Amino acid sequence: MTATSVRGTGTPSGRQRAVTERAERTIRRRRVRSSLMVGLMYVAAALAILPLLLIVIHLIRLGATSVNWAFFTQMQRPPGEGGGGMANAIVGTLIIIAIASGVGLPVGIGAGLYLAEKRVTMLATTVRFLADVLNGLPSIVMGIFAWELLVKPVRHFSALAGGIALGAMMVPMVTRTTEEMVRLVPISLREAALALGYSRWRTALSIVLRTALGGIVTGALVAMARIAGETAPLLFTALGNQFWSTALRGPIAALPLQIFNYAISPYDEWHAQAWAGALVLVGIVFVISLAARVATRRRFGAGD
Amino acid sequence: MTEVLARDAAHEATGPAPTRTSRSWTEIGSEIGDRVYSWSITGFASLVPILVLLIFVAVGVAAWPALRLFGVSFLTSSDWDPVAGHFGAAPAIYGTIVSSMLALLVAAPLALGVAVFLSEFAPVWLRQPVAFAVDLLAAVPSVIYGLWGIFVLIPILREYVMPFLRDTLHLGVLPLFSGPAYGSSMLAAGLILAIMCLPYISAVTREVLLAVPRSQREAALALGATRWEVIRDAVIPYARSGIIGGVMLGLGRALGETMAVTMLIGNRHEIAASLFAPGYTMASLIANEFSEATGDLHLSALMAVGFVLLLVTFAVNALARWLVWQTARER
């Protein structure tokens, strides 16, 4: 019996029934739509993870076959010969990461301390805002900036320029995590140190910074993991090098650059090397991230 | 007085035997230490604005010759001829906008879905792994996305997706999906960008959704709303500006992304209507031509492209941050 026919007869009980029936139908429709949408969310989550799974599968399948002892110990070979490795690029990447950390960590941690200590000054608000904005600036812009300032005046590419460009990218990330971590240190700890007659700077460095150290180390490692794979800022600064070089003032090889050059080359052997390089690069990033996790856990372990 | 005694006691425990002069020396020392500390952290903090300023000035100055010579036509002309000395960046600007929009079109709904899933629906045991996996997407270096795109995504697009869209679905009648199916294309770049900016959008969105008060959800549930209605009518409207901010952050990423796009977009200086045709973006134009720039003007033109990119991403990021902050402050 449909709602309209009931309305015609007009018996009170019938009208009542019609109303409940209609309400039930609406509820059913809303429930169906709700389940449908919840299902869609599940699909969205699955779709978002799919690319990651595919990338990992391809990395392992295509990369593992070319990762061997020679890959870590030998240099690149011309196409056609096969074999060879990326020893120079792996070392180059580590050197560049070291330079970047040397530049980025002190500045980032110092600026983070400032933000945590002087929360409301004009400079603090500006720095906080600019750090966030800087974090989102395209890495290629950092590349041409470093080229203009560090490569053009001295007329040659250098590992130093590449490292400084990446270090500048680390600064905003390290600044923000340091600020957050230092803020987590209880104020009572700081007050206790001051009450014991510690000077402000000793309180800050040996009490506050030390307590927050685990978190800061985590932040630093996360920043290092992020710049380890950066390619664009190195294109015009470190440039890449097909020979063994650890000179800071000369062009240096880097894993991401090598992967890029091999990937766009027409040679199958080089493609295989590119996959192997990618697997190793992901491995490096993964190890650094893992270290970051361990640092976090230790901090929380100590806090309990 | 007791304060001084306490300080002396503390000093006695660590330092040399205190005499009257040594105490005053430590006092002077700590004062100097405080001042040095305060100055140095202020100095480090000031480096951040200085760095931003330096970036703008250095790139701006280098871009000036080209910008002065070509004026507005630099943005509107499609003529990019290093030999003749004519430079117009319109195709790169067009490509940047189209590829980023394509990326957002795909990534924004997906990211919103993932964020809602993680904050509202997912069973507890699934939350951590899924959130971790999505975060991992952001940790993969962009050159690896490019590599994967060249050898996995492009063949799939060329063999299956493009013919399917054009012929099976008959979308070929639209200029957007017409023409030969090149592998390297705007579509490939847009899709890889979608994958790359998804984790950023979903991370911010999730944070914003978690900031929505419980009472908001409970009130909607008490009124008889279904789970979906709670999301649609109570949670999302509350978090709207933060979500928009997250999407804008994703846009900022997509606009400036370089390596993966350079490897997939085909790098052709031309405005093509079809998504199947190769194109160029501002970032990939710089990456491709910078090291082979033939003269000062060419270099300056590339710097000018960088400057435009810098201004656009700066504006997008600033707006995004402002929107996210706005929501966070309401918390």
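The values are calculated or read from the model by the stated rules, or taken from the named source; none is laboratory data. Predicted model, so just to flag it, every value in this text is computed and none were measured. As a convention, Cβ positions derive from the backbone with ideal geometry for all residues, glycine included, and neighbour counts pool all protein chains shown.
For the reader, a short list of remarks on this structure follows.
- Verdict on A:Val174 being out of contact with any Ser or Thr (no Cβ under 7 Å at 6 or more places or on another chain) and within 14 Å of another protein chain (Cβ to nearest Cβ): yes
- Restricting the range A:210-241 to residues that are part of a helix (DSSP H, G or I) and within 11 Å of chain B (Cβ to nearest Cβ), the residue that is nearest to A:Ser158 (Cα to Cα): A:Leu234
- Test: residue in the range B:299-306 that is more than 17 Å from B:Phe70 (Cβ to Cβ), crowded, with 20+ Cβ neighbours inside 10 Å and either more than 10 Å from every other protein chain (Cβ to nearest Cβ) or not small (Gly, Ala, Ser) (or both): no
- Within the range A:277-300, being more than 22 Å from A:Arg77 (Cβ to Cβ) and within 9 Å of chain B (Cβ to nearest Cβ) holds for A:Val282, A:Val285, A:Phe286, A:Ser289.
- Verdict on B:Phe151 being free of Cβ contacts under 8 Å to residues at least 40 places away in the same chain, under 28 Å from the mean Cα position of the chain (by Cα), part of a helix (DSSP H, G or I) and over 30 Å from B:Ile271 (Cα atoms): no
- Looking only at the range A:48-77, and only at residues there that are more than 10 Å from chain B (Cβ to nearest Cβ) and among the β-branched types (Val, Ile, Thr), the one that is surrounded by the most Cβ atoms within 10 Å (Cβ to Cβ): A:Val67
- Residue, modelled with the highest pLDDT, within the range A:253-285, restricted to residues that are in a helix (DSSP H, G or I) and surrounded by fewer than 14 Cβ atoms within 10 Å (Cβ to Cβ): A:Gly283
- Considering residues of the range A:140-153 that are more than 8 Å from chain B (Cβ to nearest Cβ) and without any contact (Cβ under 8 Å) to a residue 40 or more places away in the chain only, the residue nearest to A:Ile227 (Cα to Cα): A:Lys152
- Considering each residue of the range B:136-158 in turn, none proves to be of a type in the set (Lys, Arg) and more than 22 Å from A:Tyr267 (Cα to Cα).
- Condition met for A:Ala159 (under 14 Å from A:Phe236 (Cβ atoms), away from chain B (no Cβ under 11 Å) and of a type outside the set (D, E, K, R)): yes
- Whichever residue in the range A:22-34 is more than 8 Å from chain B (Cβ to nearest Cβ) and not charged (D, E, K, R) and, among such residues, is nearest to B:Val106 (Cα to Cα): A:Val32
- Of all residue pairs spaced 6 or more apart or on separate chains, those with beta-carbon atoms under 6 Å, a first member in the range B:171-192 that is in contact (Cβ under 8 Å) with a residue 12 or more places away in the chain and a second member that is among the hydroxyl-bearing types (Ser, Thr, Tyr) and part of a helix (DSSP H, G or I) are B:Met186/B:Ser99; B:Ala189/B:Ser99; B:Gly190/B:Ser99; B:Ile192/B:Tyr145.
- Among the residues of the range A:116-139, those that are in contact (Cβ under 8 Å) with a residue 60 or more places away in the chain and either at the interface with another protein chain (Cβ under 7 Å from one of its Cβ atoms) or of a type outside the set (A, V, I, L, M) (or both) comprise A:Glu117, A:Pro138, A:Ser139.
- For the range A:27-77, a tally of residues being within 21 Å of A:Gln242 (Cβ to Cβ) and assigned to a loop (DSSP other than H, G, I, E, B) returns 7.
- In the condition set (1) modelled with pLDDT under 90; (2) not in a loop (DSSP other than H, G, I, E, B), B:Met196 is compliant with all but (1).
- Within the range B:155-192, restricting attention to residues that are within 12 Å of chain A (Cβ to nearest Cβ) and out of contact with any Phe, Trp or Tyr (no Cβ under 9 Å at 6 or more places or on another chain), the residue that is surrounded by the most Cβ atoms within 10 Å (Cβ to Cβ) is B:Leu191.
- When A:Ala247, A:Ala253, A:Ala274 are checked against the criterion of being over 24 Å from B:Leu255 (Cα atoms), more than 20 Å from the chain's Cα centre (by Cα), at the interface with another protein chain (Cβ under 9 Å from one of its Cβ atoms) and not hydroxyl-bearing (Ser, Thr, Tyr), a single residue qualifies: A:Ala274.
- Screening B:Cys197 against (1) more than 19 Å from B:Ala115 (Cα to Cα); (2) in contact with a Gly (Cβ under 9 Å, 6 or more places away or on another chain); (3) buried (at least 22 other Cβ atoms within 10 Å of the Cβ); (4) of a type in the set (A, V, I, L, M, F, W, C) leaves a single unmet condition, (1).
A quick yes/no check of all residues on (1) closer than 19 Å to B:Ala111 by Cβ; (2) surrounded by 24 or more Cβ atoms within 10 Å (Cβ to Cβ); (3) under 23 Å from the mean Cα position of the chain (by Cα); (4) modelled with pLDDT of 90 or more:
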{"site": "B:Ile271", "(1), (2), (3), (4)": "no, no, no, yes"}
{"site": "B:Met282", "(1), (2), (3), (4)": "no, yes, yes, yes"}
{"site": "B:Ile286", "(1), (2), (3), (4)": "no, yes, yes, yes"}
{"site": "B:Glu292", "(1), (2), (3), (4)": "no, no, no, no"}
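- For the range B:65-116, a residue qualifies if it is among the aromatic types (Phe, Trp, Tyr) and either in a helix (DSSP H, G or I) or within 14 Å of chain A (Cβ to nearest Cβ) (or both), and the qualifying residues are B:Phe70, B:Phe74, B:Tyr94.
- Just one of the listed residues (A:Gly104, A:Gly85, A:Gly80, A:Gly110) is crowded, with 21+ Cβ neighbours inside 10 Å, in a loop (DSSP other than H, G, I, E, B), of a type outside the set (Lys, Arg) and out of contact with any strand residue (DSSP E or B) (no Cβ under 8 Å at 6 or more places or on another chain), namely A:Gly85.
- Residue match in the range B:320-328 (condition: among the small types (Gly, Ala, Ser), surrounded by 22 or more Cβ atoms within 10 Å (Cβ to Cβ) and either modelled with pLDDT under 95 or in contact with a Pro (Cβ under 6 Å, 6 or more places away or on another chain) (or both)): yes
- Flag if B:Leu136 is at pLDDT below 95, within 16 Å of the chain's Cα centre (by Cα) and within 8 Å of chain A (Cβ to nearest Cβ): yes
- Flag if B:Ile271 is β-branched (Val, Ile, Thr) and outside any helix (DSSP H, G or I): yes
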